[in-house]
Amino acid sequence: MEHLEFDDNIYDERLAGGKLDSPEIEAAVTRILKAVGEDPERDGLKRTPARVARMYAELLAGYNTDPNAIINDAIFEVKYDEMVIVRDIEFYSLCEHHMLPFMGRVHVAYIPRGKVVGLSKIPRIVDLYARRLQVQERMTRQVADLIRDLLDPQGVAVVVEALHLCMMMRGVQKHNARMTTSAMHGAFRANLATRQEFLENIGRETSPLKI
Ligand SMILES: [Zn+2]
């Protein structure tokens, strides 16, 4: 079994798209500042609309990122057919319900059927979908689906563990509300032992929430 760990959240600024309407974002942020009773002209806020617009260009770059540019021919033919696991991929996303961050870790496994992808590409695939307005369940599914479509593997599994600021800061304020989602295809869905091998590797005794 191949077992690799990633700590960093790889992000390639060259892939950040230019399609966001920055002047529109700046105007909207100025309106929000006024609407909450602030003075957009005071020193600390004067450049906030421009900063927020630049921030969204980065945090939402996934909309304008071409998956082919990420993969960039890093798919290789191999005879290897053991489970490949990439765990603890750090990610940051924005929930589409509140536009507040949710963040955590993604664990990915697949069993090749003749093709593997360069290992540095998997965190980039995660970022492709994390850097959008998201719900955790959809992000989990999108990562699994793209790997399935790219590699046609015997199986692919994705588990996402995340903390949602919209749950932690608002309402009932559950400060440790950790949400786990998973998406399984092929052998991971069909074969309990395969699924169990992956879940044990990423340190979960029991099956996480299925979606
Ligand atoms: Zn939310």
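The values are calculated or read from the model by the stated rules, or taken from the named source; none is laboratory data. All values reported here derive from a predicted model rather than from experimental measurement. Neighbour counts run over all protein chains shown; Cβ positions are idealised from the backbone, glycine included. Note: accessible area is taken over every heavy atom of the protein model, side chains too, but ligands, DNA and RNA are not part of it. Shrake-Rupley method; radii C 1.70, N 1.55, O 1.52, S 1.80 Å.
Considering only residues in segment 102-118 that are within 16 Å of the ligand (Cβ to nearest atom) and open to solvent by less than 50 Å² (accessible area, probe 1.4 Å), the one that is nearest to Arg148 (Cα to Cα) turns out to be Gly104. Ile75: in contact with a helix residue (DSSP H, G or I) (Cβ under 9 Å, 6 or more places away or on another chain) and open to solvent by less than 10 Å² (accessible area, probe 1.4 Å), yes or no? No: the conditions fail for Ile75. Here Met139 meets each of (1) under 18 Å from the mean Cα position of the chain (by Cα); (2) surrounded by fewer than 19 Cβ atoms within 10 Å (Cβ to Cβ); (3) of a type in the set (A, V, I, L, M); (4) part of a helix (DSSP H, G or I) with one exception, condition (2).
Would you confirm, using the coordinates I've provided, whether Leu150 is hydrophobic (A, V, I, L, M, F, W, C) and within 16 Å of the ligand (Cβ to nearest atom)?
On the way: hydrophobic (A, V, I, L, M, F, W, C): yes; within 16 Å of the ligand (Cβ to nearest atom): no.
No: the conditions fail for Leu150.
Looking at the structure I just gave you, is Arg132 within 15 Å of the chain's Cα centre (by Cα), within 16 Å of the ligand (Cβ to nearest atom) and without any contact (Cβ under 8 Å) to a residue 12 or more places away in the chain? So Arg132 fails the test. Would you be able to say whether some residue in segment 163-170 is closer than 26 Å to Glu200 by Cα and of a type outside the set (Val, Ile, Thr)? Scanning segment 163-170, I find at least one residue that is closer than 26 Å to Glu200 by Cα and of a type outside the set (Val, Ile, Thr), so the answer is yes. Does Leu20 qualify as being at pLDDT below 95, within 20 Å of Arg132 (Cβ to Cβ) and out of contact with any Cys (no Cβ under 9 Å at 6 or more places or on another chain)? When the stated conditions are applied, Leu20 passes them.
Which of the residues that make up segment 145-160 are part of a helix (DSSP H, G or I) and surrounded by fewer than 22 Cβ atoms within 10 Å (Cβ to Cβ)?
Residues of segment 145-160 that are part of a helix (DSSP H, G or I), as a first pass: 145-151.
Those that are part of a helix (DSSP H, G or I) and surrounded by fewer than 22 Cβ atoms within 10 Å (Cβ to Cβ): Asp145, Leu146, Arg148, Asp149, Leu150, Leu151.
Please find, within segment 88-101, the residue that is nearest to the ligand (Cβ to nearest atom) out of those that are within 16 Å of Val143 (Cβ to Cβ) and touching a helix residue (DSSP H, G or I) at 6+ places or on another chain (Cβ under 7 Å). Per the stated criteria, the residue is Ser93.
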